[in-house]
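Visitor: Just passing along the structure, written as structure tokens.
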Amino acid sequence: MPQTHFYRPREGHGLAHDPFKSIIAPRPIGWISSLSADGVPNLAPYSFFNCFGSMPPLIGFASETEKDSLRNIRDSGEFVYNLATRPLAEHMNISSAPFAPEVDEFVRAGLTAAPCQAVKAPRVAESPASFECKVTQIIHLQLADGSPSRSWLVMGEVVGVHLDLQYVVDGVWDTAAAMPIQRAGGTADYFQIGPQALFKMTRPTQA
């Protein structure tokens, strides 16, 4: 049997870098835009993000500590997911800075805030895909002993979708062509999806 390293997270991992985020990787980035009660746009990336159903489509992200996005979404009941891609990576990175609530991250990151159809929060005009979302749940996550964690899970139903048609080929979204980026484990590590990462495998029709 291979030699293994066992640790209990509450007691520390004993390594140079926490392996948790490196093992659960790459992770899609939830580039979330929202609007404050004062009308200030907010834009921030979250690496604890994914989809949780397709009929209807549900997406969610977790915020560790209460940040501007969470406060805005709690007040407004809506948000927008924007696809983070390689051409937009540096802009996305700028939007991750700890700006004050009154700062418009769209302006700081050099991005265009485009209007949505079903929600008041803006979308990133330069992003090839954006989902307008209405909040379904905001859950303060708990630990195994029932005590509250430092994370909140924000769930939303996708009520509107914007797609750049140059990435729709024969009615199918070309994932690789859009060059989505994903978060890796290191403090500055990311992955880029491209055609070389694609392989096909047909699901079995019977056991």
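Rule-based calculations on the coordinates, nothing more; no lab input. Computed from a predicted structure; not experimentally measured. FYI the Cβ positions are ideal-geometry reconstructions off the backbone, even for glycines, and counts take in every protein chain you see.
Visitor: Under the Karplus relation 6.51 cos²θ - 1.76 cosθ + 1.60, θ = phi - 60°, what is the ordered set of whole-Hz ³J(HN,Hα) values for the stretch 79-94, x standing for Gly and Pro?
Guide: 6, 10, 9, 10, 5, 8, 10, 4, x, 9, 4, 5, 5, 4, 5, 4
Visitor: Given SER33, LEU83, GLN117, which one lies farthest toward the positive end of the charge dipole of the chain, if we put +1 on the Cβ of every Lys and Arg and -1 on the Cβ of every Asp and Glu?
Guide: LEU83
Visitor: I'd like the projected area of the chain, averaged over all directions, using the convex hull of its alpha carbons. Report it in nm² with one decimal.
Guide: Working: hull surface 63.2 nm².
Across all orientations, the chain yields a mean hull projection of 15.8 nm².
Visitor: May I pose another question? If you plug each phi of the stretch 200-207 into the Karplus form 6.51 cos²θ - 1.76 cosθ + 1.60 with θ = phi - 60°, what whole-Hz ³J(HN,Hα) values come out, in order, with x for Gly and Pro?
Guide: So the J values, rounded to whole Hz, are 10, 8, 7, 5, x, 8, 8, 6.
Visitor: Please rank VAL107, VAL124, fewest neighbouring Cβ atoms within 10 Å first, as an exposure proxy. Before the final figure, lay out the partial values.
Guide: Working: VAL107 12, VAL124 27.
Going from sparsest to densest Cβ surroundings: VAL107, VAL124.
Visitor: By count of other Cβ within 10 Å, fewest leading, how are ASP104, ASP38 ordered?
Guide: Values: ASP104 17, ASP38 9.
Ordered by Cβ neighbours within 10 Å, fewest first: ASP38, ASP104.
Visitor: Oh, and also: Where a Cα-Cα gap under 16 Å defines reach, which aspartates and glutamates qualify for LYS200, not counting those fewer than 8 residues away within the same chain?
Guide: LYS200 reaches ASP174.
Visitor: For every other residue with a beta carbon closer than 10 angstrom to the beta carbon of GLY185, add +1 if it is Lys or Arg and -1 if Asp or Glu, then tell me the sum. Display every interim value, and only then the final one.
Guide: Details: positive: LYS21, ARG27, ARG183; negative: ASP18, ASP189.
Surrounding charge for GLY185 is +1.
Visitor: If you take the square roots of the eigenvalues of the alpha-carbon gyration tensor of the stretch 151-207 and sort them as a ≥ b ≥ c, do you get rounded (a/c under 1.5), prolate (a/b over b/c) or oblate?
Guide: Numbers: a/c = 1.25, a/b = 1.17, b/c = 1.07.
Taking the square roots of the gyration eigenvalues as a ≥ b ≥ c, the stretch 151-207 is rounded.
Visitor: Quick one: net charge around PRO87, please, counting Lys, Arg +1 and Asp, Glu -1 for every other residue with C-beta under 12 Å from its C-beta. Mind showing how you got there, number by number?
Guide: Values: positive: ARG86; negative: GLU90, GLU126, ASP164.
Neighbourhood net charge equals -2.
Visitor: Take peptides 79-89, 184-194 and line them up by average Cβ neighbours within 10 Å, highest first, as a rough protection proxy. Working shown, then result.
Guide: Details: 79-89: 22.6, 184-194: 13.4.
The most tightly packed comes first, giving 79-89, 184-194.
Visitor: Hey, which lysines would be in cross-link range of LYS120, C-alpha to C-alpha under 26 Å, not counting anything within fewer than 8 residues on its own chain?
Guide: Here the lysines satisfying the reach criterion relative to LYS120 are LYS67, LYS134.
Visitor: Shifting gears a bit: Scan around TYR190 for amide H atoms under 5 Å from its own, H built in the peptide plane at 1.01 Å from N, and keep only partners 5 or more places away or cross-chain.
Guide: Hits under the 5 Å cutoff: ALA184.
Visitor: In whole Hz, what ³J(HN,Hα) sequence does the stretch 134-148 give by Karplus (6.51, -1.76, 1.60; θ = phi - 60°), x for Gly and Pro?
Guide: Values per residue, Gly and Pro as x: 10, 5, 9, 8, 10, 10, 7, 5, 10, 8, 4, 8, x, 6, x Hz.
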